[in-house]
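Asker: Take this structure, written in structure tokens, and hold onto it; I'll ask about it next.
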Amino acid sequence: MHPFTLLFILALSASLAVELWLLTRQVRAVRANRDRVPAPFAAAITPAAHARAADYTVAQSRVAMVERVAGAVFALAMTLGGGIAALDAVTAHAGLAALPHQVATVAAFGLLATAVGLPFDAWRTFRVEARFGFNRTTPALFAADALKGLAVGALLLLPLAALLLWLMHRAGAAWWVLAFGAWAAFSLLVGWAWPRFIAPLFNRFRELESGDLRDAVESLARRCGFEPRGVYVMDGSRRSTHGNAYFTGLGRNKRIVFFDTLLSALATAELQAVLAHELGHYRLRHVTARLAVSLGVALAGFALLAWLGREPWFQPALGVTAGGPHTLLLLFMMAAPAFLFVLRPLSALLSRRHEFAADRYAAEHADAAALADALVKLYRDNGSTLTPDPLYTAFHASHPPALLRIARLAPDRHA
Ligand SMILES: [Zn+2]
């Protein structure tokens, strides 16, 4: 056995073991606190709602455990199990020229990976979300979403894959620098186009109706230097009762989006405070920072890929004996997560820092107490756990735990 084969098996097993251990800790922490509402939430959240949120978190964690195991089995089957080599042999039967054949193998892989993920999406939507009363997605909408997702993915990713494969073949030893340039241009283009051209394929977006809320939103946005016409309402209620708000987009397509479910759940002052939080993400350039980090990781990834492409042991060590640039790309995509897993806590930490910073911004530009009230309602209505495991949070949570956020926004409520 090649030493790298062993290293890959060890990394994959270790990352799976840590994931399952973290999820087990999360389930234990949530169960241990199931019957006791944390003091700052006692007035707003009933013991029954708190217990229901705990059961919901446990159910979600169970799906995640099975999904992690399936993901590891899939990675093994596609690499050492010969899956990628077999896909490549099947597409070779079509008798295509070299580049179309390589793109066809990438497309077949994408189709297979999507098919493996779909049952888990269905399980979450129709079993877990439905059981706790959150789901509004019909089977027809679910199928339409899956087909549209596949079409958008193919339209965006297959031309990119063709360009990368062509560069790997034709651009000489420095191909990875050009490939990184193409990747960066693609990331910027998608970041710019997403809110305006792609998200509307899945949801309807409208401007706020005129009234007190619109006036409040416009004056706050103006004070924070944001174009008020960039504030939209999305029909999130088509798919679920969960409420949320987010900031997205680059350049002139920057948008703050409220779910319609949030508008009906929060009072005007609370919505203003949530808007101030999203404006914080905009003013503090969090989207740009995340993009810069992801491009830095991509540059390192392409350099590594170029080196591995020159090493004759890499592809055979992962189950492909007669490969090309396309199998190199696919094997790299399958193997990298097992190693990059150790960086996961860093990206979660960056995200939580951004959330704290956006909360601070909101406290300065709107009402901190109203934001605390809005968060309590959001945690209650979304069934989010108030008592996550600290290690699970450190590894995975994009948002700080509710108790920490409330303690900073409204210290007087923290018993
Ligand atoms: Zn945020």
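The values are calculated or read from the model by the stated rules, or taken from the named source; none is laboratory data. Please read all numbers here as calculations on a predicted model, not as lab measurements. Backbone-built Cβ (ideal geometry, glycine too); neighbour counts: all protein chains shown. Side chains included, ligands, DNA and RNA excluded: accessible areas come from the protein's heavy atoms. Shrake-Rupley method; radii C 1.70, N 1.55, O 1.52, S 1.80 Å.
Asker: Could you give every pair whose Cβ atoms fall below 8 Å, whose first residue belongs to the range 272-294 and is in a helix (DSSP H, G or I) and open to solvent by 40 Å² or more (accessible area, probe 1.4 Å), and whose second residue is of a type in the set (D, E, K, R) and away from the ligand (no atom under 12 Å from the Cβ), counting only separations of at least 6 or pairs across chains?
Answerer: Q272/D367; Y282/K254
Asker: Could we say that F341 is more than 17 Å from S187 (Cβ to Cβ), away from the ligand (no atom under 16 Å from the Cβ), under 21 Å from the mean Cα position of the chain (by Cα) and not β-branched (V, I, T) here?
Answerer: Answer is yes for this residue.
Asker: Quick one: would you say R408 is open to solvent by 70 Å² or more (accessible area, probe 1.4 Å), in a helix (DSSP H, G or I) and within 16 Å of the ligand (Cβ to nearest atom)?
Answerer: Judged against the criteria, R408 is a match.
Asker: For the range 344-371, how many residues are more than 16 Å from the ligand (Cβ to nearest atom), in contact (Cβ under 8 Å) with a residue 12 or more places away in the chain and in a helix (DSSP H, G or I)?
Answerer: Total meeting the criteria: 3.
Asker: Could you check how many residues of the range 248-289 are more than 23 Å from W192 (Cα to Cα) and within 16 Å of the ligand (Cβ to nearest atom)?
Answerer: Residues in the range 248-289 being more than 23 Å from W192 (Cα to Cα) and within 16 Å of the ligand (Cβ to nearest atom): 7 in total.
Asker: Considering only residues that are farther than 20 Å from K377 by Cβ and open to solvent by less than 10 Å² (accessible area, probe 1.4 Å), which ones fall in the range 250-271?
Answerer: N253
Asker: Sticking with this structure for a sec: Would you confirm whether any residue within the range 297-305 is loosely packed, with under 15 Cβ neighbours inside 10 Å, at pLDDT 95 or above, more than 14 Å from the ligand (Cβ to nearest atom) and not hydrophobic (A, V, I, L, M, F, W, C)?
Answerer: No, that holds for no residue.
Asker: Output the number of residues of the range 82-113 satisfying the condition of being without any contact (Cβ under 8 Å) to a residue 60 or more places away in the chain and open to solvent by 60 Å² or more (accessible area, probe 1.4 Å).
Answerer: Number of matching residues: 9.
Asker: Moving to a separate point now. Given A173, A108, which one is within 30 Å of G323 (Cβ to Cβ) and more than 24 Å from the chain's Cα centre (by Cα)?
Answerer: One residue alone meets the criteria, A173.
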